[in-house]
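Nothing in this text is a laboratory measurement; each read-out follows from the coordinates by a stated rule. The structure displayed is predicted, hence computed values, not measured ones. Here the Cβ positions follow ideal geometry from the backbone for every residue, glycine too, while neighbour counts run over all protein chains shown.
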Amino acid sequence: MKKTKCENPSCYRLKCVNCGAYTTEEVSATVCPKCNGALDVEYDYEYMKSHLNFYSLRNAPVSARKYLEFYPLKNLNLLVTLSEGGTPLRKCDRLGKELGLKKLYIKNEGENPTGVFKDRGSLVELTKARELGAKAVCCASTGNMAASVSAYAAIADMPCYVLVPDGTPIGKLAQSLIYGARILQIRGTYADCCKLCERMAKKHNFYLAGDYVFRAEGQKSCAYEIVEQLFWKVPDVVIVPMGCGTNISAIWKGFKEFYEMGFTDKLPRIIGVQPESVPTIVKAFDEKKKRYVRVDKPASVASAVGIGEPLDDIKALNALRESKGCGETADDITILEAEKDMAHKESIFVEPSAALPVACLKKLLKRKIIKPDDIVVCVATGVGLKDPKSATQIMPDPPVLEPTDEDINKYLKNKVYEIRASSVAGKENVLWEKTPQPAKVKEIVKSEFNFVLSDDYLKEVCKEVKLFHEKVSKMRKADLQYIVENVLKEFTGKEKVFFVKDYALSVTRHKKPHAKVVVSYLGEILKTEAEGAGPVDAIIKAARKAIQKKDKLECWLTSFNVEIKTKGTDAVVEVRMGVKSKDGTEVIASATSPDIIVASIEAFERGYNMLYYKQR
Ligand SMILES: *Cc1c(COP(=O)(O)O)cnc(C)c1O
Ligand SMILES: [Zn+2]
């Protein structure tokens, strides 16, 4: 490592990794004023060495604040900290055994104060903001940066403005909001947010937080901790997810510094991993390019690394090249499977981006990049609770039962939980194109989901399958899974007292949808009609009229949610409906179908029948 002459009291200089120009933090604390390139901090390691307290470094417990001497800070009275770092390095024997790795570790960065490694960076960055006299901070984010910067801005008593792309996971937004940030959701990508934020900072004189030079310095502590937690040994391989590439370059710098200081005698290979659909840095590495390969519209379940124009690509590529590492990618399904495995096998619940390193292990073993007895550290960058949708995407909804022992016993006897063990792979596979015989349906459910349908469930599944094929010819694995799950969840084995036999929709002269329905209610056939704000509304209004006619159990809708369950032209939607009766009893019913009207009617029927049986 190149040594620089110490000119300022804390002994560091800012250097552009693109054009090599030097600058000072008073001029720019973010990017190179000459070329907009990323900046790096150069230290005088001789000076550092002579000022270190080796004794306390060796003996104090791990924590990001233990390494203050390694950060470019000048006034420690201004420190903004929430006790970050000190996260566990877990030896993962169950997961390792399955993959054929003897020494697999997971560094669980989800145990930081806001659930993500970025807190290590926020410690240094927000302290620097204070040192430079900032009155407010702003940042662009895919969610986690926002949450972390908001938390540190709150404790530092600074207003915080956050730009996120529209559609950011709700857990991350909620976190930022509750810390008091002023969030602006932008109809654009993360890259759009970044550019807007840079201009906003300049114009309004906010401190620009984000994947810039001071954050990177804070994030080095992850590497220091790994070395300490391995009892001052260096792992063979460290695998890190890459979005902007800031964290991976910070971790590499951390390992280099401990080597430079003489604490360690070797360096690990650094492997950077990305989603298959957003391989900006991995592709640049493979094609020996100097800069990233741009992705215009990043789309991956790993939203925290869905960054099409990484800011720290040069540093990240250096980390891969200098350390003799490489890049690897995984597709969304494999990422979600890894998320599931980490939780099932090691009780570590992460978000999809944080599951990327584990998701790439199989490929890396196959490529012989890692060997079975290598010490491998996977950096699990963030906790899973902030993005619960990704977890529920692979795990079927749990069943809803009536509060009776009978229902519980039935659930256990039928082993309904077994479907949970089914894999998410091959979701798009077409299982059949024409309604098969019940025996065939039973066989396929057994082979695809490892679940044996009992006769009454099978009958119900076949009914649903038939309805499905009235709309769509091809049955994909994902479609069948939703049908089976729903039957398991909703089917009570009780006769329906109410159902819609038929309906017809038209539009009135006033352009309002008008529905005629034929319902069967307590064995009687009733015909009613009604107008509604929309077609679903009209049908349900007409159905409720029929119920009112008999003056039985009146009910209202309390909620109505529609979610697209499978993408594409033949998308299957799930309708979830809250239905409430006069006496205040409320149930939630759901149904899936490629047709939103059919799903809505079915959910309403289910809800009503549930209420009916609850009343008695
Ligand atoms: C930010 C983030 C990353 C990517 O880190 P970079 O420094 O942008 O490469 C990975 N995982 C999670 C959970 C993150 O929040
Ligand atoms: Zn430059």
| request: Report the extension gain between ALA21 and LEU184 in nm, rounded to one decimal, defined as 0.36 nm multiplied by the number of residues separating them, less their alpha carbon distance. | output: 55.3 nm
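Among the DSSP beta bridges whose two residues both lie in the chain, what percent are antiparallel, rounded to the nearest 5?
Working: 49 of 79 bridges.
Beta bridges within the chain, antiparallel portion: roughly 60 percent.
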| request: First check a/c for the range 318-364, with a ≥ b ≥ c the square roots of the eigenvalues of its C-alpha gyration tensor; if it is under 1.5, answer rounded, and if not, answer prolate when a/b is larger than b/c or oblate otherwise. | output: prolate
| message | Amide H of THR528 versus every other amide H placed in the peptide plane: which residues, excluding those fewer than 5 positions away on the same chain, fall under 5 Å? | response | VAL517, VAL519
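If we count every other residue with Cβ under 14 angstrom of ILE170's Cβ, Lys/Arg +1 and Asp/Glu -1, where does the sum land? Don't skip to the end; give the middle numbers.
Values: positive: LYS172, LYS386, LYS389; negative: ASP166, GLU351, ASP387, GLU563.
Within the 14 Å Cβ shell, the charges total -1.
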| said: For the range 464-564, I need the span (max minus min coordinate) of the C-alpha atoms along each principal axis, in Å, sorted largest to smallest. | reply: 42, 34, 25
| request: Using a cut-off of under 18 Å, list every residue of the range 574-616 whose amide N is near the label point 7 Å from the Cα of GLU531 along the Cα-to-beta-carbon line. | output: none
| task | At 7 Å along the Cα-to-beta-carbon direction for both HIS469 and HIS344, put a label point, then send me their distance in nm to one decimal. | result | 3.1 nm
| remark: Taking R0 as 51 Å and r as the Cβ-Cβ distance between ASP502 and ASP166, the FRET efficiency 1/(1 + (r/R0)^6), rounded to the nearest 0.05, comes to 0.80
| message | Report the Cα centroid-to-centroid distance between the range 586-604 and the range 81-154 in angstrom, as an integer. | response | 41 Å
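Where does the charge balance sit around VAL536 when Lys and Arg score +1, Asp and Glu -1, over other residues with C-beta under 12 Å from its C-beta? Walk me through the numbers before you get to the answer.
Values: positive: LYS541; negative: ASP537, ASP595, GLU602.
Charge balance in the 12 Å sphere: -2.
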| Förster radius 41 Å - calculated FRET efficiency between LYS91 and ASN205, Cβ distance, rounded to 0.05 | 0.25
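So, R0 is 35 Å and r is the distance between the beta-carbons of ASN75 and ASP236; what FRET efficiency does that work out to, to 0.05?
In this case the efficiency is close to 0.35.
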| query | Just how far, in whole angstrom, is the range 172-200 from the range 252-322 if you go by their alpha carbon centroids? | reply | 24 Å
| said: Can you compute the helix-only [θ] at 222 nm over the chain? Use -39500 (n - 2.57) per DSSP H run of at least 4 residues, normalise by all residues, nearest 500 deg cm²/dmol. | reply: -12000 deg cm²/dmol
| message | What does the extension gain come out to for LYS288 and LYS494, with contour length at 0.36 nm per residue minus their alpha carbon separation? | response | 67.7 nm
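For the chain, what's the relative contact order in percent, using C-alpha pairs closer than 8 Å and at least 6 residues apart? Write out the running numbers ahead of the final one.
Values: 1225 pairs, mean separation 55.6, N = 616.
For the chain, the relative contact order is 9 percent.
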| On full extension of the chain, what length is gained from THR435 through THR404, given 0.36 nm per residue of separation minus the C-alpha to C-alpha distance? | 7.6 nm
| message | Under a crude label model (7 Å from the Cα following the beta-carbon direction), how far is ASN36 from ASN59 in nanometres? | response | 5.2 nm
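For every other residue with a beta carbon closer than 9 angstrom to the beta carbon of ILE248, add +1 if it is Lys or Arg and -1 if Asp or Glu, then tell me the sum.
Values: positive: LYS315; negative: ASP312.
So the environment of ILE248 carries a net charge of 0.
So what's the chain giving for Cα Rg divided by 2.2 N^0.38 Å, two decimals?
Working: Rg = 28.7 Å, N = 616, 2.2 N^0.38 = 25.3 Å.
Normalised by 2.2 N^0.38 Å, the Cα Rg of the chain equals 1.13.
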| note | Karplus ³J(HN,Hα) for the range 146-157 (6.51 cos²θ - 1.76 cosθ + 1.60, θ = phi - 60°; Hz, whole; x = Gly/Pro) runs 4, 4, 5, 4, 4, 4, 6, 5, 4, 5, 7, 6
| request: Please state, to two decimals, what the Cα-based radius of gyration of the range 498-615 comes to when divided by 2.2 N^0.38 Å (N = residues). | output: 1.05
| query | Using 7 Å Cα-to-Cβ label points, what is the ALA174/LEU267 separation (nm, one decimal)? | reply | 4.3 nm
